[in-house]
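Here the structure is laid out as C-alpha cells; the discussion comes afterwards.
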6 protein chains.
Amino acid sequence: MNFKRSDKRKFDELRKIKFTRDYLQDAEGSVLVEVGKTKVICSVSVEYRLPQFLRAEKKNQGWLTAEYDMLPRSANKRIVRDRIHGKIKGRSSEIQRLIGRSLRAVTDLTEFPERTIYIDCDVIQADGGTRTASINGAFIALYDAFTKMKEKGQINEFPITNFIGAISVGIVEDEILLDLAFDEDLIADIDMNIVKDDKGNYIEIQGTSERNTFSDKQLQKLLKVAKKGISEIIDLQKNLLFGDIKTK
Amino acid sequence: MNFKRSDKRKFDELRKIKFTRDYLQDAEGSVLVEVGKTKVICSVSVEYRLPQFLRAEKKNQGWLTAEYDMLPRSANKRIVRDRIHGKIKGRSSEIQRLIGRSLRAVTDLTEFPERTIYIDCDVIQADGGTRTASINGAFIALYDAFTKMKEKGQINEFPITNFIGAISVGIVEDEILLDLAFDEDLIADIDMNIVKDDKGNYIEIQGTSERNTFSDKQLQKLLKVAKKGISEIIDLQKNLLFGDIKTK
Amino acid sequence: MNFKRSDKRKFDELRKIKFTRDYLQDAEGSVLVEVGKTKVICSVSVEYRLPQFLRAEKKNQGWLTAEYDMLPRSANKRIVRDRIHGKIKGRSSEIQRLIGRSLRAVTDLTEFPERTIYIDCDVIQADGGTRTASINGAFIALYDAFTKMKEKGQINEFPITNFIGAISVGIVEDEILLDLAFDEDLIADIDMNIVKDDKGNYIEIQGTSERNTFSDKQLQKLLKVAKKGISEIIDLQKNLLFGDIKTK
Amino acid sequence: MNFKRSDKRKFDELRKIKFTRDYLQDAEGSVLVEVGKTKVICSVSVEYRLPQFLRAEKKNQGWLTAEYDMLPRSANKRIVRDRIHGKIKGRSSEIQRLIGRSLRAVTDLTEFPERTIYIDCDVIQADGGTRTASINGAFIALYDAFTKMKEKGQINEFPITNFIGAISVGIVEDEILLDLAFDEDLIADIDMNIVKDDKGNYIEIQGTSERNTFSDKQLQKLLKVAKKGISEIIDLQKNLLFGDIKTK
Amino acid sequence: MNFKRSDKRKFDELRKIKFTRDYLQDAEGSVLVEVGKTKVICSVSVEYRLPQFLRAEKKNQGWLTAEYDMLPRSANKRIVRDRIHGKIKGRSSEIQRLIGRSLRAVTDLTEFPERTIYIDCDVIQADGGTRTASINGAFIALYDAFTKMKEKGQINEFPITNFIGAISVGIVEDEILLDLAFDEDLIADIDMNIVKDDKGNYIEIQGTSERNTFSDKQLQKLLKVAKKGISEIIDLQKNLLFGDIKTK
Amino acid sequence: MNFKRSDKRKFDELRKIKFTRDYLQDAEGSVLVEVGKTKVICSVSVEYRLPQFLRAEKKNQGWLTAEYDMLPRSANKRIVRDRIHGKIKGRSSEIQRLIGRSLRAVTDLTEFPERTIYIDCDVIQADGGTRTASINGAFIALYDAFTKMKEKGQINEFPITNFIGAISVGIVEDEILLDLAFDEDLIADIDMNIVKDDKGNYIEIQGTSERNTFSDKQLQKLLKVAKKGISEIIDLQKNLLFGDIKTK
C-alpha cells in the first residue's frame, strides 16, 4: 500500500469544487465549474424549436440535449478541432450523450413544450473528471435557467424532479479512489463514472476496464465510495442553491 | 405481476443464439450471429498498419478496433446511411467503442505488433441486443481468426487471454428481464449492458435510466441475472469452439 | 481455346441463382439474392415524402430511388466505409444510379403519388456481378412490396409494367462469357452489363473496355449471349412469382 | 414524321465543333471545346505522384484520371456548388469516370511512370452533349500535352495509341438523332453515348432508357448513326492536329 | 529605381480591361471580364428564396450574396477542388465575402423583396487581381440583370445606388504600383485592395503586409494611386453602359 | 451630437483591458484577455511539424498559424458549432487569417525551423472587438512562449521583431469611435480594424462599410484615433512585460 495521491488527498476525498454562477452574461443559465484544476463552462440555451424525431411524434413536450467539447489547449497536447475533420470525436459523442441522458432523467420535459434546451459543456482545462464536472455544473446552470424562466412566466411548474450528482471512481494499484485526477486516470485499471439522484438511486453507471477486469467485490466497494462522493456533491449543490443546508 | 414476454420466455431466459462460423469467404474470421430475430455479421480483418497515435508512441504492439453499423432496413423504419451526412451516429460511435474496448480487454495486443485488427459488426436485422450480440459474435470470429493466424505462423502465441460474454438486462414493469427484445427495450425503465469474462469478472457495465432511476437493490438483482446469462453464453461459446463442454 | 472457367461452367452458362424472399422481417419487400458466391440483400422501403425536385415540379407521381453499398468485408480486401470520408464512392454512385433507372423503367410512378420507394442493395459477399444481382433481386423485392401494398389498398393498380432481367457479359481470351465471376472480371478485356425487359427490349447497355476495344462483330455476339442469359433469368423470376412457368 | 430539330439540322448531322487550343496559359495542355452552344474547358495537368492503389501495387506505370464539373450558371437553373455539401453529384461522378476510362483506353500508361495526369473538364455553358464534348476536347488537350512532354524529353515514346471520338445518339419521336442538343435530350426516349477509336472499335457504350425501351433493330440504327458521327469527329481532330486530312 | 514591370506598364497604369457582356446564355446577367491575362466569368442568378437569418428577421428586403472559386488549372499549379475536402478555402471565403459586401453597399436590397441574388465569380485564368476583377465584372453583370428585371416589370425601381470600382495597389522595391500582375504580387511588400464608389468614397480598404510594414506616408501614396485607377475603371464602366461618356 | 456611449466612455477612449497570463497550465503560452466584457482565451502550442506547402519548398523556417472560434453561448444567440456542418464559418476563417498574418508580420520564422506554432483564440464572451482582442492577447501569449523556449534553449534568438497592437474604430451617427462594443458595432456605418507595430507602421487595415461609404476625410480621422488607441495598447503591453514603462 505505497500509492499516494499527488495532491495528498485521501483515497475517498473529493477535490475542491467551485461553481461560478452566471459566468456568461447572455446565457439563460451558465456556470464555470472548477474541480481541482479541471475547468468547464456549462451554459444553458433555450430555443423555440424541436428536433425532427419529436416533431414527427407530435408529443406535447420539449427536449433537452447536451454538447461537449474541449478547447484545443485544454489538454497537455493540442487537440485538433472537430471542425477540421467535420466529425465529432467518438469520446465527445459518448460523453455528451451521457450528459444529456443524465439531465433528462431529472427533468420533466412536458413542462416546456415546443422548446429545446441546449446544454453546452466546454472544457477550458482538463485534469480528469471532465464528464462528471460537466454534469454537476450543468445541473446548477439548468436550475438557474429554470428559476429565471419561472420568474418570467415562461414555464408554469419547475421542471427539475430531483437533484443529481456525478463522480468518477477507479482502482489504482488495488486502491479504490474517489474523483480521479488526470495522472490517476492514466494509470487506473478501472474507470467508472456514476450518476445518482438525491434519493440515492442510480441514473447511470459506466464502468470500463481496458487494462484489467474487476471482481464483484471490487464493484461493491467502488459503488460505496461513489455513494459517499455523490452525497457530498449534492449537499454542496443544495447549499449553493438554498444556502442553509450544511455539508457534512 | 401481469407482464408476459411476447415470446413466452421466462424473465431470466436467454433467446436462442446461433453462430454461423466462416460466414464470409474472404474474411480472416467471420460469424453470422443470430439472437432471436437479431442478426449481425461480425468479420475480422487484419492489416499491416497502425493508427497514428500508436505509431507516435512506438510501442511494440498491435491494435484492435471495432466498427458498428446497421443496414438501412434492419429496423422497422428505414435508417438513413451515415455516408449521406458524412457523420457516424452518436449511438453507433458509442457501441463500436464498447465493442472495441471489450475485445481489447481479453486480447494481448503485443502478440501481433505492427498490425491492426478491424472488427466489423453489421446489423442485418435488429430486434434488441445488437451490441451484446456483436460482442459475442465478434469474439468467436476473432478466436477463429487467431487460430488461422497461428496455423500460418503469423503469430507465435494465441492472443486471447479470456473468454468474454455480453448480455443486456433491464427492468420492465418492476420485473428484472434478461436479454431484452426490441419490444421490451422500448418500454424498459432501465437498460443495462454487461460484459464479463469467464472468471466472472467485469469488463464493462453500462447502465442507463432515462425513464426511471434504479435502487441499489435493483442493481444487485440486475447483476445477478446478468451473471447467469453471461455464464450460459460463455458455456455455449466454449461448447462451440471445443465441442466437449456441456451447457447447463 | 484453352481458357476454362474455374467453376467448370460453359461459356454461356449462368451461375446458380437463389432468391430468399421476405428475408427481413420489417421491410415492405426484401430478398437475399445469391448468384454463385455473390450475396446481396435487397430491401424495399416506402416513405410518404418526395425529393425536392419532384415537389418543385408538383407532378402527380411518386419516386423510386436506389442505394448500393458493400459491407466492409464483402470483398477480399477490407473496404473503408463511405461514412469515414463522408463521400459515396464513384463506383457505388454509378451502380445505384443504374439500379434506380432500370427499375423506374418498368414501374409506373403515377400509381403511388406522394411516396418515395427506396431500394437498398447491400452486398454481403462480392464475387462478380453484384450490380446485375442487385437489379434482379430488387425486382423481386419490389414485386412483393407492390403485392402487399395492393392487398392493403395502398395502391389501386399494380405499378410494374414489365419484367426485367440483368446480366453481365464479357470477353476473356477472345471467348464471349456470360455472367462473369470475380476472377473472370479481373482478366476480362471487355465488361458489359445489359438490362432488358421480358419483351426482349433494351433498358440499359453499359459496355466498358479499359484494357481492349471491341469490334462491332464482338458486340453482336455479346448482345446475343446476354439475350440468352436474361431470358433465362426472367423465366426464373416468373417461375418464382407465378410458379407455373417452366424454365428452359 | 413531323419532328424538326430547332436548329434545322438533319437528323444525322453534327453540330458545329470548335477547338481552341492552348486556351489556358499555364496548363500542360488545354482546349476550349465548343459544340453548338455547349462550351467546355479541358485542361491537362501532370504531377509527380501516384494514387494510393498504384503505389501499393508498385507497377511501373503512371495514371490518368478525370474530373468533371459544371459552373453554377452553365445551366438554365443555377447549380449549387458541390463544395457546399462536400459531395460530388452522382451524375458528375459517373461522367468523370467515363472520361477517365475512355482516355486511358487509348493511352499507354507505362510511358509516364511515377506521374498522374489530371484531366479537368469544366462546363462553362451546357446545351447537351457535355460528356462527349469533354472526351473530344480532352483528347486534343492530352495530345498537345504529350507533344510538349516529348519535346522536353519528359517521355520517350508518344503514349497515345489511337484516336478517340465520342458522340451521343438518341430517339425522339421515333427518329434516330445524332448529337442531341439540350432541348432534344429533354424529350428523348433513349439516350446513348458512344466512344470509339479510329479503327472503328468500341471503347464505351452507355445506353439508357428511362422513358421507353428500345428494340434490337433500333439499337443497330443508333450504332450506325453514331459510327458516322464519330468518324466525322475523328477526321476533324486529325485535320486539326495534322492539317492535311480532309473532313468529308 | 531599377524595377521595371514585365509588361512595360507605367507604375500607375492599369492593364487593359475587357468586358464581354451576356457571356452566358442562361444567366440573368453575365460578364467575362479580362484584366490583362486574368479572366473571370461573373454571373448573376435570381431565386425566389431568402437565407434563414433574413426569414427570421422578417424584414421586407431581398439579399445579395457572392461565391468565388478558381478552376483547377487557372493557376500555374493545379488547385485541388474544394469539393474533394468539402470545405471552402479560407482565401476564397475571404474574397467572396468582400465581393458580396461591396456589391451590397451599392444596391438597395428593399427593391427586390423575397429574392436572393447570387453572384458567381469563377476564375478561368489567374494572373493577379482576380478579386478586384470579380467586383468590376460582377457590377456590370448585376447592372445588366437589373436592367432586364426592370424591363420585365420584376422590380419597380432600379436598385443600383452608385457605381463601384475596385483595384489593387502595392509596393514593390519601394515603388507604388497600380493593378499588380501575379509576378508583381509575388514580390510585393504590401498588397492592398480598395473599393470605392463614383463619388470617391470608400467602400472597402483591405491592406496587408506579411513581408513588411508600411508607413502613413506610403499609405497616403497608395490611396492616391488607387483613386486614379478606380476613377478610370468607373469611367470605363460608364462608357460601356451609357456609351457617351468619355474616359480620360 | 446626441450619441452617448452606453458605458459612458469618451469617443476616443479604450475599454479596460486585462491580461491574465499563464491562464492554462499546459500551453506553452496562454492569456485570458478581457476588453470590457469581451473575453478571449489565447493559447500557444508548438509542434514539430510543418504544413505541406512549406515542406515542399524546403525553406529553412518554421510556421505560425492561428485558429479562431467562439463558444456556442459567447453571444446573445446560441451559435451552432462548426463541427455540426463540418465547415469553418466564413467570418471565423477571415478572422483567423487576419490573426495569423498579423503575428507572422512581427515574428522571425527562421528562428524556429521545423516547428509550427498554433495560436488558438477562443472567445468565451463576445461584446465587440474579439478579433483585435485576440491579436493583443495572442501577442502576449506568444511573447511568453518564446521567453520559455529561449530559457529552455529551444531557440537561439528571440523571434519577436516588433510589438504589435490592434484596435477597432468606427463611425456611429457621424462620431468617430475608438474600440467599439457590440451595441455600437451593430449600428456603426463604418467598421475598421487596424493593426500597427510600435514604430507606428501599419500591418493591416481592414475597413468595411456595408451600410454607408466613408470619405477620405473620415478615413484620416479614423486612422488618427486608431493610432492613439494602438499606442496606448502597446504601452500597456510593454508595461505588462517590462514593468517599468508608464501608460499615459
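The values are calculated or read from the model by the stated rules, or taken from the named source; none is laboratory data. If you're wondering where the values come from, they're calculated on a predicted model, not measured in any experiment. Here Cβ is always computed from backbone atoms with ideal geometry, including for glycine, and neighbour counts include all displayed protein chains. Note: areas computed on protein heavy atoms with side chains; ligands, DNA, RNA excluded. Shrake-Rupley method; radii C 1.70, N 1.55, O 1.52, S 1.80 Å.
Some values worked out for this structure:
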| item | result |
| --- | --- |
| Chains B and C, summed buried accessible surface - 1.4 Å probe, Å², nearest 100 | 3200 Å² |
| Shielded residues, region E:192-209 - accessible-area loss of 20 Å² or more between chain alone and all protein chains, probe 1.4 Å | E:ASN201, E:TYR202, E:ILE203, E:GLU204, E:ILE205, E:GLN206, E:GLY207, E:THR208, E:SER209 |
| Solvent-accessible area per residue for the protein assembly as shown (1.4 angstrom probe, square angstrom) | 41 Å² |
| Straight-distance crosslink candidates among aspartates and glutamates, where the alpha carbon sits under 19 Å from F:LYS150 and sequence neighbours closer than 8 are dropped | F:ASP22, F:ASP26, F:GLU28, F:GLU47, F:ASP108, F:GLU111, F:GLU114 |
| Spatial separation of Cα centroids for region D:81-154 and region A:164-226, in angstrom | 59 Å |
| For F:ALA66, residues with placed amide H under 5 Å, excluding near neighbours | F:GLY100, F:ILE119 |
| Modelled FRET efficiency - R0 56 Å, C:ASN2 with B:ASN162, Cβ distances, 0.05 increments | 0.55 |
| Spin-label pair A:LYS77/C:LYS228, simplified geometry with 7 Å Cα→Cβ offset, distance in nm | 6.2 nm |
| Other protein chain Cβ atoms within 10 Å, averaged over every residue that makes up F:68-79 | 6 |
| Cα-based equivalent ellipsoid, the protein assembly as shown: semi-axes from gyration tensor eigenvalues, Å | 51, 51, 30 |
| Closest-to-axis residue of chain F (Cβ criterion, axis taking F to D), whole Å | F:GLY86, 4 |
| Table column - 3J(HN,Hα) (Hz), region A:107-118, Karplus curve with 6.51, -1.76, 1.60, x for Gly and Pro | 10, 8, 5, 6, 7, 9, x, 6, 10, 10, 9, 9 |
| Cα centre as origin, Lys/Arg/Asp/Glu Cβ charges: region D:1-76 dipole, Debye | 500 debye |
| 10 Å Cβ neighbours from other chains, averaged over peptide E:210-218 | 5 |
| q = 0.12, 0.17, 0.25, 0.31 Å⁻¹: log10 I(q)/I(0) that the Debye formula gives for region D:130-188, counting C-alpha atoms only | -0.45, -0.65, -0.97, -1.18 |
| Apportionment of accessible area to carbon and sulfur, region E:1-152, percent (1.4 Å) | 49 percent |
| Pseudo-label separations to other copies for D:GLN61 - Cα-to-Cβ vector, 7 Å, nm | 4.2, 4.3, 4.3, 5.9, 6.0 |
| Intensity falloff of chain A expressed as log10 I(q)/I(0), Debye formula with alpha-carbon point scatterers, at q = 0.10, 0.13, 0.16 Å⁻¹ | -0.49, -0.82, -1.20 |
| Simple label model, 7 Å out from Cα along Cβ direction - A:LEU186 to A:LYS217, nm | 3.1 nm |
| Estimated dipole of chain C in Debye, rounded to 20 [Cβ of Lys and Arg +1, of Asp and Glu -1, Cα centre] | 220 debye |
| Compactness of region D:1-77, expressed as Rg and Dmax over alpha-carbon positions, Å | 18.9, 59 |
| Square roots of five times the Cα gyration tensor eigenvalues for region B:1-130, Å | 31, 18, 15 |
| Shape parameters for region E:50-185, alpha-carbon atoms, Rg then Dmax in Å | 17.2, 54 |
| Relative packing of F:64-71, D:13-20, which averages over residues the other C-beta atoms within 10 Å, highest first | F:64-71, D:13-20 |
| Sequence ranges D:30-38, B:119-127, ranked by mean other-Cβ count within 10 angstrom, highest first | B:119-127, D:30-38 |
| Environment charge of B:THR20, counting only residues whose C-beta is closer than 12 Å and scoring Lys/Arg +1, Asp/Glu -1 | 0 |
| Distances in nm from D:GLU173 to the matching label points in the other copies, shortest first (labels 7 Å along Cα to Cβ) | 5.4, 6.9, 7.1, 7.1, 9.2 |
| Shortest-first nm distances, D:LYS18 label point to equivalent points in other copies (7 Å, Cα→Cβ) | 1.3, 6.3, 7.0, 7.0, 7.5 |
| Cα-centre dipole for the protein assembly as shown with unit charges at Cβ (Lys and Arg positive, Asp and Glu negative), debye to 20 | 0 debye |
| Under-5 Å amide H pairs with F:GLY29, H placed in peptide plane, nonlocal only | F:VAL44 |
| Positive-pole candidate from A:ASN239, A:PRO159, A:SER45, dipole of region A:17-242, charges at beta carbon | A:SER45 |
| Sequence-distant lysines (8 or more away, or on other chains) whose Cα lies within less than 19 Å of E:LYS58 | F:LYS77 |
| Helical segments meeting 18 Å axial Cα length and Kyte-Doolittle -0.5 threshold in chain C (DSSP H) | C:130-151, C:216-242 |
| Peptide B:36-43, shielding by other chains (average Cβ, 10 Å cutoff) | 2 |
| 20 Å Cα-Cα threshold exceeded, pairs from E:LYS148/E:LYS238; A:LYS199/B:LYS4; A:LYS217/B:LYS221; E:LYS224/F:LYS221; C:LYS59/D:LYS4; E:LYS196/F:LYS217 | A:LYS199/B:LYS4; C:LYS59/D:LYS4 |
